[in-house]
Amino acid sequence: MKPIVAAIAIAAALAAGIAIGLLAARRGEPPAPAPAERRVLYWYDPMVPDKHFEQPGRSPFMDMDLVPKYAGEDAADGVVAIDPRIVQNLGVRTARAERGALTATVRATALVAFDERAVADVTARVAGIVERLHVRTPRSVVAHGQPLATLIAPEWTAAQAEYLSLRRASAPGLDALRDAARTRLALIGMSETDIRALERRGVAPARVTIVAPRAGVVADLAVREGASVAAGALLLRISGLDTVWIDAGIAQTDAGRVVPGAPVQIDVAALRGETLSGIVDALLPDVDAATRTQTARIVLANPDRRLAPGMVAQVRIAVTASPDAVLVPTEAVIATGTRHVVIVALDDGRFRAQEVRIGDEADGRTAVLAGLVDGEEVVRSGQFLIDSEASLAGVLARLDGAQVSP
């Protein structure tokens, strides 16, 4: 019986094939070839791609069906095709590479310091004795024209008395002597206003009062009452506070980016909630031996004198890291240890691993100097899926002998 049943089945199959062929011939169409069956190598969970299963079913790791891996799906020339449904389910996101300038921010800790260009030294123009100090302690705040010290200076008094005597004399030929005596008063430190006041008084004072040439803080008090001073000796040093220096320590890796004129945002702990603005005045040409940092000096106006030397500040310096480069999200760059790679998204669910040469990184973006062109789409999340599908390690191995195209 069994041979008879088998013969009948074969005959029926042949008859059906002939009928289908005749029907196609009547319509003018060739008979459709039988579809080739795809061979499944194994099943796997895309979330755990290194675990292979011999039978289909539910994943023991995730609440999803196992995915078949078919023969012939290996990546060719770095390109791999992935089922669009898997790409969508696992949230693969892409971003467009765009050409532009990458602006970075250099952050550093800084100290507020006196502006040394606003320092005035108060000296004794003639020898004398300090009879009285009107300012007795360093760090005292003084105003412009405020008395600082009173000196007994015989030479000073004698020079003024000589000039007054020559002014009162009426003998011919004294004009040159009067001019010379007046010049001598200027040389010992009397201003034009002081000389005119002397002329109005007509009496040479026995003592001289030295006043502050500018407003500021007494940074150095070099004498005490009763001290004898020589001509040219330092009495006090006054540092102005109308402007201050912000000295920021820049790491050597960032020092090459900082240039004079770069805009700076400054946060001072003493001024909570307030951000000050300035520019880099100079990058000092030496490196601190202890911290291995280079000082960027910022000159900042301080009209209300809220900033005091010694305060700590945090500075943010805006610098142009890469003026013209292809920019991609930093998360799109894969660091393999010896190179950097991005996954380029092609059409029809295809992806390509591309080696790139990168530059600076700032604000979540990385400059690509070679290997990528403007307008290409790169994968910024879900690279692990493409890694599992394309066996990325093998693709990268093929890149060993490849050159990065600019």
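The values are calculated or read from the model by the stated rules, or taken from the named source; none is laboratory data. Because the structure is a prediction, the values reported are computed rather than measured. In this analysis, Cβ positions are derived from the backbone assuming ideal geometry, glycine residues included, and neighbour counts consider all displayed protein chains. Ligands, DNA and RNA are excluded from the accessible area calculation, which covers all protein heavy atoms including side chains. Shrake-Rupley method; radii C 1.70, N 1.55, O 1.52, S 1.80 Å.
Among what's in region 108-122 and is open to solvent by less than 50 Å² (accessible area, probe 1.4 Å) and among the β-branched types (Val, Ile, Thr), pick the residue that is nearest to Arg257 (Cα to Cα). The residue in question is Val112.
Evaluate region 385-406: report whether one residue or more is part of a helix (DSSP H, G or I), under 16 Å from Arg96 (Cα atoms) and either open to solvent by 20 Å² or more (accessible area, probe 1.4 Å) or at pLDDT below 80 (or both). Looking through region 385-406, none of the residues is part of a helix (DSSP H, G or I), under 16 Å from Arg96 (Cα atoms) and either open to solvent by 20 Å² or more (accessible area, probe 1.4 Å) or at pLDDT below 80 (or both).
For region 234-256, which residues satisfy the criterion of being surrounded by fewer than 17 Cβ atoms within 10 Å (Cβ to Cβ) and not small (Gly, Ala, Ser)? Scanning region 234-256 gives Leu234, Asp242, Thr243, Gln252, Thr253. Can you tell me which residues in region 217-233 are touching a strand residue (DSSP E or B) at 6+ places or on another chain (Cβ under 6 Å) and open to solvent by 40 Å² or more (accessible area, probe 1.4 Å)? Correct list: Asp220, Ala222, Glu225, Ser228, Gly232.
Would you please name the residue that is surrounded by the fewest Cβ atoms within 10 Å (Cβ to Cβ), looking only at residues in region 337-368 that are polar (S, T, N, Q) and more than 27 Å from Pro84 (Cβ to Cβ)?
Our first condition is that a residue be polar (S, T, N, Q); within region 337-368, this holds for 338, 354, 366.
With more than 27 Å from Pro84 (Cβ to Cβ) added as a condition, the list becomes 338, 366.
Details: Thr338: 8, Thr366: 23.
If we take residues in region 337-368 being polar (S, T, N, Q) and more than 27 Å from Pro84 (Cβ to Cβ), then Thr338 is surrounded by the fewest Cβ atoms within 10 Å (Cβ to Cβ).
Residues that are under 19 Å from Arg224 (Cβ atoms) and of a type in the set (A, V, I, L, M) within region 127-154 comprise Ala127, Ile129, Val130, Leu133, Val135, Val142, Leu148, Ala149, Leu151, Ile152, Ala153, listed in sequence order.
Anything in region 282-301 that is part of a strand (DSSP E or B) and either among the hydrophobic types (A, V, I, L, M, F, W, C) or surrounded by fewer than 17 Cβ atoms within 10 Å (Cβ to Cβ) (or both)? List them, or say none.
From region 282-301, those part of a strand (DSSP E or B) are 282-287, 293-301; that's our starting set.
Of everything in region 282-301, those that are part of a strand (DSSP E or B) and either among the hydrophobic types (A, V, I, L, M, F, W, C) or surrounded by fewer than 17 Cβ atoms within 10 Å (Cβ to Cβ) (or both) turn out to be Ala282, Leu283, Leu284, Pro285, Asp286, Val287, Ala296, Ile298, Val299, Leu300, Ala301.
From the list Arg214, Arg178, Arg196, the lone residue that is surrounded by 12 or more Cβ atoms within 10 Å (Cβ to Cβ), among the charged types (D, E, K, R) and free of Cβ contacts under 8 Å to residues at least 40 places away in the same chain is Arg178. The single residue among Ala282, Ala325, Ala318, Ala313 that is within 21 Å of Thr105 (Cα to Cα) and in contact with a Gly (Cβ under 7 Å, 6 or more places away or on another chain) turns out to be Ala325. Restricted to region 70-114, the set of strands (runs of 3 or more DSSP E) holding at least 1 residues that are touching a Phe, Trp or Tyr at 6+ places or on another chain (Cβ under 6 Å) and at pLDDT below 80 comprises 79-81.
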